[in-house]
Structures are given as structure tokens and as C-alpha cells.
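Below is one structure, written out as C-alpha cells, with a few remarks after it.
The values are calculated or read from the model by the stated rules, or taken from the named source; none is laboratory data. In this text, all values refer to a predicted model and were calculated from it rather than measured experimentally. To get the accessible areas, we keep the full protein, side chains included, count just its heavy atoms, and leave off ligands, DNA and RNA. Shrake-Rupley method; radii C 1.70, N 1.55, O 1.52, S 1.80 Å.
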Amino acid sequence: MKNDLKPSRLSPRDILRVGAVGLRARRARVVLSALGIAIGIATMVAVVGLSESSRADLMAQLDRLGTNLLTAEAGEDAMGQPIKLPKNAVAMVERVGPVQHATATADVDARIRRSDVVPEERTAGVTTQAARIDLLSALGGEVDQGVWLSPVGERLPTTVLGAVAADRLGITRTGETIMMNDTRVVVVGILKPLELVPNLDRVAMVGFPAAERYFGFDGHPTTIFERSTDASVEDVRAVLARTISPGNEAGVKVSRPSDALAAKAATDEGLTTLMLGLGAVALLVGGVGVANTMVISVLERRQEIGLRRSLGATRGAIRLQFLTESLLLSALGGATGAVLGAAATYGFARVQGWTAVVPLWSLAGGLAATLLIGVVAGLYPAIRASRLHPTVALNAT
């Protein structure tokens with residue numbers, strides 16, 4: 001009669017049950033080992049999530065503000081002397097075909113004080129600039145309180161303060177007055193922060209006619225702001241300097257404010273890479289903790305291993321048991337870390353007013369990394385356990 005006996009094999013369900021037994025028996029150690037994995041995965045998921053959320057908010061901000069704004073500022077001539085832009089610079093820029101809107105501001109020599117009892121040298125860090133009445137629409141700015149300069153108001157001793165300027169001067173409402181040199185000027189408006197041109201947040205703006213009448217302004221603009229179609233920005237940028245100052249284009253500095261926001265995104269990418277590196281280090285430390293836990297588990301359970309081997313368990317079954325334990329331990333830490341990282345991302349994004357973005361690839365990548373760590377960390381302990389001789393293992397004390 002033929003011997004039909006075959007070695008028994010564990011089903012996947014049995015493998016999971018056997019692997020989970022060792023974890024349930026040492027819960028405190030399992031929690032501490034899984035915590036190292038969880039910290040590493042949570043760090044990586046949160047870093048990627050916060051970076052993507054910040055970048056998405058930045059891109060939305062750029063879409064809202066537009067990337068088609070160019071600024072041209074007066075620079076210096078070959079002798080190092082400041083140049084003056086032509087009085088008709090705005091009109092000259094408007095003649096360029098793709099240009100949709102052009103406006104200007106100008107520095108005005110007027111020292112600002114909160115009142116006439118404040119010494120002249122105490123200016124509170126606020127400067128004066130002349131502004132055209134179409135400046136706010138060109139920059140996409142908004143008035144927080146009061147009104148913007150009007151065709152009538154630009155000729156009167158009235159001013160609109162940037163957000164920072166109002167705070168520095170202690171102006172909380174319109175209708176109050178400040179001193180510009182020896183002229184009392186009425187605050188008719190306070191602006192919301194101008195995201196594309198933050199330097200205007202720190203100035204008090206008056207109309208060009210008022211600046212000429214009350215402060216001896218000569219009418220030469222200092223900065224030209226220009227908007228064109230998105231497709232023609234670079235073309236306009238190439239001709240803007242020589243359009244404003246023919247024959248002396250080297251003295252005109254042309255820039256695009258949105259480039260600063262794009263540079264911020266690039267800086268965030270570098271910081272994200274650094275933080276991912278720190279997360280990887282934490283993950284590596286967690287992997288070492290898992291390996292250490294599994295080695296100790298093998299040493300403590302030699303009698304159990306010997307008994308299983310005596311009852312017919314193959315070396316492969318022993319290897320599979322301890323490898324499964326390692327995988328379950330890593331998966332527990334990875335899943336916990338993924339949840340914590342996603343929760344941290346959503347919580348921080350909500351506080352910042354961002355749209356929370358947690359890429360699926362970061363979650364999948366984190367879980368895949370934990371499984372890989374589980375295999376690597378559990379491989380040596382599993383092989384060591386399978387090589388224990390049944391007799392030696394049963395006699396271990």
C-alpha cells in the first residue's frame with residue numbers, strides 16, 4: 001500500500017493567527033516597537049501632506065493674483081546716480097500692444113508723524129508715495145476700511161494707508177488725521193495686505209496732483225506696474241525697460257512679483273526633502289527596534305520553537321511564523337503612523353486655512369516602506385529561529 005501522507009501546510013489564515021499570538025503575548029513591547037515605526041511614517045506622511053497643501057494654497061494664490069504683473073523700478077545710471085523715469089512712462093508702456101493695464105507710484109519726500117506733537121524724526125517707519133487712482137485695480141488690491149483715492153480725493157490732502165502703515169501709526173478707523181511734513185492729512189482709507197507688492201503695505205499713499213501741490217513732488221514716477229496677457233508676459237518683459245527709458249534701459253530694473261512666490265515654493269521643496277530625510281531616519285530607528293524585538297522574541301521562545309519542531313513543524317513554517325510577526329508589527333506601526341500623519345495634515349491645514357492635501361502615494365509609499373522594513377527586520381530572527389535544533393531548543397532554560 002502506497003504511503004499518501006504529506007506534510008501539513010498552514011493556511012494563510014492560520015499563519016496570521018500564529019503570527020499574532022506572539023504579539024498579543026508581549027503587548028507593551030509591541031506597542032513600543034510599533035511606536036518607532038509610527039513616528040517615522042507619521043513624520044513622512046505629514047511632511048508630504050503639509051508640503052502639498054502649502055503648495056496647493058500657493059498655486060491657488062498665484063492663480064488668484066495672476067502671474068502677469070511686471071514691475072519696472074528706477075535704478076542707477078553708469079555713474080551710480082539715481083535716474084528719473086519719464087513723466088509719460090505710463091503712457092509709453094500703454095502703447096505696447098499686449099499691455100492691458102499700466103499704472104505707477106512715486107516716492108515723495110514727506111515725513112510722516114502721528115500728530116504735530118510727535119518729533120519730526122519719529123516717522124514710525126512709514127514712508128509716503130504718490131499713487132495713481134487706477135493702482136488698486138491694477139494690483140488686485142482691496143480696501144479694508146473707507147475708500148480708495150478718487151478723481152477728487154487725489155487732489156486733496158487725503159491719504160490711504162497700507163495695512164502695516166496703519167498699524168504702525170495706530171490708525172484704527174478712517175477720518176483720523178496724520179502729519180506729512182507740516183501738512184495735516186486726512187486718512188480716507190486703509191488697505192488690506194497687498195500680497196503681490198507687500199512693500200506698499202508700509203506706505204501712506206496720496207494722489208499725484210496732491211503730492212505736487214503740497215509736497216513739492218516733481219511728477220516723475222518711481223515704479224511702473226504693468227499687466228499683459230499671460231502668453232505675452234516674457235515678450236513685454238523683454239521690451240519694457242527700453243520702452244520706459246529709451247537709450248538708458250540698463251537703469252530700469254524689471255521684475256515679476258509672482259516670481260517671489262514661485263521661489264518660496266522651491267524653498268518649500270528643499271525643506272520638504274530635509275524633513276523627509278529626518279522621517280527616514282526615524283523610520284530606520286523604528287526598523288532597528290522591530291529587529292531587536294524579534295531577536296529577543298526568538299531567544300525567549302526557544303522552548304516553544306523546539307516543541308513545534310518536535311511536533312513536525314518544518315523550518316519553513318517557523319521562518320514564516322516569525323516573519324509574519326515582524327510584518328504584522330511593522331504594519332501596525334505603519335497604519336498608525338499613516339493615520340496620525342494624515343490627521344496632523346488635516347488639523348494644521350485647517351488652522352492655516354489651506355485645503356488639506358494628503359497624496360495617496362504618500363500613504364501607499366509609507367505602508368510599503370513599513371512592509372519592507374518588516375521583511376528586512378524579521379528575516380534574520382526568522383532564519384535564526386528555524387535553525388534551532390529541537391533538542392537544544394527544548395533543553396533551553
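Remarks
- Phi angles across region 329-345 convert, under the Karplus curve 6.51 cos²θ - 1.76 cosθ + 1.60 with θ = phi - 60°, into 3J(HN,Hα) values of 4, 5, 4, 4, x, x, 5, 4, x, 5, 5, 5, x, 5, 5, 4, 5 Hz, Gly and Pro given as x.
- Accessible area of region 28-157 belonging to carbon and sulfur atoms, whole % at 1.4 Å probe: 54
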